[in-house]
2 protein chains.
Amino acid sequence: MDEQQDIGPKIEKSFDLVGKRWTGLIIYVLMGGPKRFTEIHTMIPYLSKRMLTERMKELEEQGIVVRHVLPERPIRTEYLLTKKGTELGKILCQLSHWAENWVKE
Amino acid sequence: MDEQQDIGPKIEKSFDLVGKRWTGLIIYVLMGGPKRFTEIHTMIPYLSKRMLTERMKELEEQGIVVRHVLPERPIRTEYLLTKKGTELGKILCQLSHWAENWVKE
């Protein structure tokens with residue numbers, strides 16, 4: 001890597017993004033495939049619905065997640081990772097492998 | 001990935017670690033090779049010496065960084081990434097590439 005040159009606001013932004021409470025985990029969960037709101041909620045313990053709503057909105061705004069309303073009654077919504085989100089998710093999967101190998105509980 | 005099963009405290013911990021203010025950036029900088037305290041300080045703008053000292057201590061405790069005292073006068077210290085730290089650094093380099101490609105300033 002080209003040291004000095006590469007350190008910039010974009011990189012900091014990406015580190016912040018991954019580290020933001022729940023964000024990394026939500027992306028990681030969506031790597032398993034599109035999920036409905038309640039499914040994500042079930043898979044991440046301790047995350048309140050209000051907080052999940054907030055985070056999903058942020059991820060939508062960042063172009064990482066797309067919200068898809070299913071043409072059904074009652075209305076159901078599912079969340080999908082965009083290309084941008086999937087690329088980030090791949091890196092988070094590697095980060096989780098690193099954690100498995102190196103982080104002590 | 002094996003969804004449900006893989007979500008655990010280790011993964012959350014690794015997401016937190018990367019996202020902790022300056023930590024990701026310090027590891028990223030050290031991927032360029034061992035550095036002295038003042039070199040790291042110069043390369044990361046806005047990071048105070050007091051904060052850098054604190055972060056380096058944390059990284060040492062986590063086994064990510066090793067502090068090496070050079071047998072010289074005046075005493076000089078350099079910081080190196082361990083194997084654990086280097087593996088994490090590789091992932092952070094990928095994260096920075098992702099940011100370059102996808103994050104708007």
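The values are calculated or read from the model by the stated rules, or taken from the named source; none is laboratory data. Note that the coordinates shown come from a computational prediction; the quantities given were computed from them, not determined experimentally. Quick reminder, even Gly has a Cβ in these numbers, built from the backbone with ideal geometry, and neighbours come from all protein chains shown.
So which of A:Ile11, A:Ile75, A:Ile64 is within 30 Å of B:His41 (Cβ to Cβ) and either at the interface with another protein chain (Cβ under 10 Å from one of its Cβ atoms) or modelled with pLDDT under 95 (or both)? So that I can check it myself, show each step before the final result.
Working: A:Ile75 fails: within 30 Å of B:His41 (Cβ to Cβ); A:Ile64 fails: within 30 Å of B:His41 (Cβ to Cβ).
That would be A:Ile11, the only listed residue that is within 30 Å of B:His41 (Cβ to Cβ) and either at the interface with another protein chain (Cβ under 10 Å from one of its Cβ atoms) or modelled with pLDDT under 95 (or both).
Confirm whether A:Lys104 is surrounded by 14 or more Cβ atoms within 10 Å (Cβ to Cβ), within 11 Å of another protein chain (Cβ to nearest Cβ) and among the basic types (Lys, Arg). Steps first, answer last, please.
Values: surrounded by 14 or more Cβ atoms within 10 Å (Cβ to Cβ): no; within 11 Å of another protein chain (Cβ to nearest Cβ): yes; among the basic types (Lys, Arg): yes.
Considered against the rule, which asks whether it is surrounded by 14 or more Cβ atoms within 10 Å (Cβ to Cβ), within 11 Å of another protein chain (Cβ to nearest Cβ) and among the basic types (Lys, Arg), A:Lys104 comes out as no.
Quick one: which of A:Leu88, A:Leu70 is out of contact with any Cys (no Cβ under 7 Å at 6 or more places or on another chain) and over 27 Å from B:Ser96 (Cα atoms)? Walk me through it before giving the result.
Details: A:Leu88 fails: over 27 Å from B:Ser96 (Cα atoms).
Result: A:Leu70 is the single residue among A:Leu88, A:Leu70 that is out of contact with any Cys (no Cβ under 7 Å at 6 or more places or on another chain) and over 27 Å from B:Ser96 (Cα atoms).
When you check A:Gly33 against the structure, is it under 22 Å from B:Ile27 (Cβ atoms) and at pLDDT 80 or above, yes or no? Reasoning before the result, please.
Numbers: under 22 Å from B:Ile27 (Cβ atoms): no; at pLDDT 80 or above: yes.
Judged against the criteria, A:Gly33 is not a match.
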Against the definition (within 15 Å of the chain's Cα centre (by Cα) and at negative phi), how does B:Leu70 come out, yes or no?
no
Would you please list the contacts, defined by Cβ atoms under 7 Å and residues six or more apart or on different chains, that run from a residue in the stretch B:14-29 that is farther than 15 Å from B:Thr86 by Cβ to a residue that is of a type in the set (D, E, K, R) and modelled with pLDDT under 90?
B:Gly19/A:Asp16; B:Gly19/A:Lys20; B:Leu25/A:Glu12
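For the stretch B:81-98, how many residues are more than 23 Å from B:Arg67 (Cβ to Cβ) and either aromatic (Phe, Trp, Tyr) or surrounded by 21 or more Cβ atoms within 10 Å (Cβ to Cβ) (or both)? Walk me through how you get there before you give the answer.
Residues of the stretch B:81-98 that are more than 23 Å from B:Arg67 (Cβ to Cβ), as a first pass: B:94-98.
Next cut, either aromatic (Phe, Trp, Tyr) or surrounded by 21 or more Cβ atoms within 10 Å (Cβ to Cβ) (or both) only: B:95-96, B:98.
Qualifying residue count for the region: 3.
Taking the residues in the stretch A:14-28 that are of a type in the set (A, V, I, L, M, F, W, C) and more than 7 Å from chain B (Cβ to nearest Cβ) as candidates, determine which candidate is nearest to the chain's Cα centre (by Cα). Steps first, please.
Of the stretch A:14-28, the ones of a type in the set (A, V, I, L, M, F, W, C) are A:15, A:17-18, A:22, A:25-27.
Going one step further and asking which of them are more than 7 Å from chain B (Cβ to nearest Cβ), we end up with A:17, A:22, A:26-27.
On the way: A:Leu17: 9, A:Trp22: 8, A:Ile26: 4, A:Ile27: 2 Å.
Residue satisfying both the conditions and the ranking: A:Ile27.
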